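The values are calculated or read from the model by the stated rules, or taken from the named source; none is laboratory data. No experiment lies behind these values; they were computed from the predicted model shown. Heads up, the Cβs are rebuilt from the backbone with ideal geometry, glycines too, and the neighbour counts pull from every protein chain shown.
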Amino acid sequence: MKTYLWKALRWSKRGGIEVVGFFEAGQSSVLAGQTLTQYLGWYETEAEALAEHPEAEGHTTSKLSGPQVSVNHLSDQPDLY
């Protein structure tokens, strides 16, 4: 089972509420050490979302305020393998 740093609610583009979880990428990942986002579910109401994910925080995420993932550390050169 994945351990999340935190979970948050956000407004869905199709209406309703989405729940997302944030976790740190493992050492075997090219994104090692970066915070990643995982979609956990969609709910019609905030009450339904909180019933399923009581530890989720209020509407704290958006593309602008959420953790930013960067791939700048990856080479621009083609992979020789």
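Here is a check on your reading of the model: is Glu52 charged (D, E, K, R), in contact with a Phe, Trp or Tyr (Cβ under 9 Å, 6 or more places away or on another chain) and surrounded by 10 or more Cβ atoms within 10 Å (Cβ to Cβ)? Yes: the conditions hold for Glu52. Quick one: in region 28-75, of everything that is on the phi < 0 side of the Ramachandran plot and touching a helix residue (DSSP H, G or I) at 6+ places or on another chain (Cβ under 8 Å), which residue is modelled with the lowest pLDDT? My answer is Ala56. The residue of region 21-51 that is nearest to Trp11 (Cα to Cα), among those that are β-branched (Val, Ile, Thr) and more than 15 Å from the chain's Cα centre (by Cα), is Thr45.
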